[in-house]
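Bear in mind these aren't lab numbers, they're just calculated from the coordinates by the rules spelled out. The structure displayed is predicted, hence computed values, not measured ones. Cβ sites come from the backbone with ideal geometry, for glycine too, and all protein chains shown count toward neighbours.
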């Protein structure tokens, strides 16, 4: 996602819509808690521990 390019070569605009992806340590837009990151099978998962219950 971070290197998304349109066929014309322009940078894609998806980053403006991310709610938690690659936002570790930043505030959740909904509740203000810090976004957490965990590793699952060598991949990162981002979530708000308050808004997203286990």
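Observations on the model:
- Based on the Kirkwood approach, the hydrodynamic radius assigned to the chain is 12.6 Å, with every pair of different Cα atoms included.
- Which of 24, 10 has the fewest Cβ neighbours within 10 Å, and the rest in rising order: 10, 24
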